[in-house]
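Have a look at the structure below before the remarks.
The values are calculated or read from the model by the stated rules, or taken from the named source; none is laboratory data. Because the structure is predicted, anything quoted here is derived from the model rather than measured. Don't worry about glycine lacking a Cβ; one is built from the backbone with ideal geometry, like all the others, and counts go over all protein chains shown.
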Amino acid sequence: MKNIAVLGSTGSIGTQTLEVVREHPDDYNIVALSCANSIDLLENQIREFKPILVSVKDEAKANDLKARIKDIDCKVSYGMEGLIELATIKESDVLVTAIVGMIGLRPTVSAIKAGKDIALANKETLVTAGHLIIPMAEEYNVSILPVDSEHSAIFQSLNGEKRENIERILLTASGGPFRGYTKEMLSKVTKAQALKHPNWAMGNKITIDSSTLVNKGLEVMEAKWLFGVSYDKVKVVVHPQSIIHSMVEYRDGAIIAELGSPDMKLPIQYALTYPDRADLDTKRLDFATLKDLTFEDPDMDTFEGLKLAYEVGNIGGSMPTVYNAANEYAVAKFLNDEIRFLDIYEYIKAAIKEHVLIDNPSVDEVIETERWVYETLNKLKL
């Protein structure tokens, strides 16, 4: 029985994690859950999975939840202190970081120092602080197990192979809903269009990131840290069918890939079962009816988010944090109908232009850089 704490249990990855647990009740036990605002859903999760600790955004929501579950023996915490308490709870074996945003950084650091394995779905942790997280995981003998479908595919394709034999990582991308669009066409797209991903069911923020290819840029930076390669060894390949989830090319020319139907439960479950596998009720591929697997290069001139990711990744230091925070800021404004789709890139470029690089930022400096980005973009008139 593996005891699991879930950071962000009411979002897309969090709820699918609980589906995996639900399908394997003899293998997994939920000991802690957290959410920001979805108290109704969290209450249902508490009643079903009986965690011993939950954490919510603030004291008011904590008091509301306490009143609702007074018949259940479950501690309710809140704020960053609550997230860190959840991340380090002694009863857990693994922390699933399903929370969105840089708020996941401090709890993940605390979990690593407490010796917890990390099932990583929070991209921001490695994008902004990979230079700290990877050495820390090695120091505390903690496994970082990727939950993103692409990174899980790479992880699986590396099984039994030596890292020094990697020629290239081939990171696949669906291309999003606007594949083939020109800049002029992108200038007219709506929020509703951007929220319709062709293959994957995800939360709003990551769906917008997929439509701008910023999500793929974040994944490029994440891959650099997860697999210990340079950026020139990470190539993005647009694969609209999302059947091949990513590949590894070796120095002898062999390419190993992981294929499957688009279902996030597979990489989530693999992170929990590794190095073993378990049954999963998911749609199987039928190669007799699989007609086309197509590939193309990404259009990085039109979809600038990916091009900018390579640029800030190679600069390093605090610049990936600027990229990530500026994108978060801009996507929130886009989802609130305050800016246009292409303005997302303009906000990222403006923040990069204004920033003075910090070469080797600490966790505190990473957090401070995020604050600086929000403050700076609030002042700029774009």
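Where in the range 43-157 are the strands (runs of 3 or more DSSP E), entirely inside, with at least 1 residues that are crowded, with 22+ Cβ neighbours inside 10 Å and within 16 Å of the chain's Cα centre (by Cα)?
Fully inside the range 43-157 and qualifying: 94-97, 117-120, 144-146.
Scanning the range 270-296 for residues that are touching a Leu at 6+ places or on another chain (Cβ under 9 Å) and not hydrophobic (A, V, I, L, M, F, W, C), which turns out modelled with the lowest pLDDT?
Here the residue is 282.
Report, by residue number, each residue of the range 285-314 that is among the aromatic types (Phe, Trp, Tyr) and under 26 Å from the mean Cα position of the chain (by Cα).
Selection gives 295, 303, 310.
Return yes when residue 229 is aliphatic (A, V, I, L, M) and either in contact with a Phe, Trp or Tyr (Cβ under 6 Å, 6 or more places away or on another chain) or crowded, with 20+ Cβ neighbours inside 10 Å (or both) and no when it is not.
No, not satisfied.
With the range 269-368 as the region, which helices (runs of 4 or more DSSP H) entirely inside it contain at least 1 residues that are touching a Pro at 6+ places or on another chain (Cβ under 8 Å) and either assigned by TED's automatic domain parsing to the domain that holds residue 176 or under 30 Å from residue 244 (Cα atoms) (or both)?
304-315, 319-335
Out of the residues in the range 161-173 that are surrounded by fewer than 19 Cβ atoms within 10 Å (Cβ to Cβ) and of a type outside the set (Asp, Glu), state the one that is nearest to residue 234 (Cα to Cα).
So the residue we want is 168.
Which residues, counting only those in the range 230-287, are farther than 26 Å from residue 26 by Cα and touching a Gly at 6+ places or on another chain (Cβ under 7 Å)?
Selection gives 231, 238, 240, 245, 285.
Looking at the range 90-106, which of its residues are in contact with a helix residue (DSSP H, G or I) (Cβ under 9 Å, 6 or more places away or on another chain) and under 20 Å from residue 29 (Cα atoms)?
92, 94, 95, 96, 97, 98, 99
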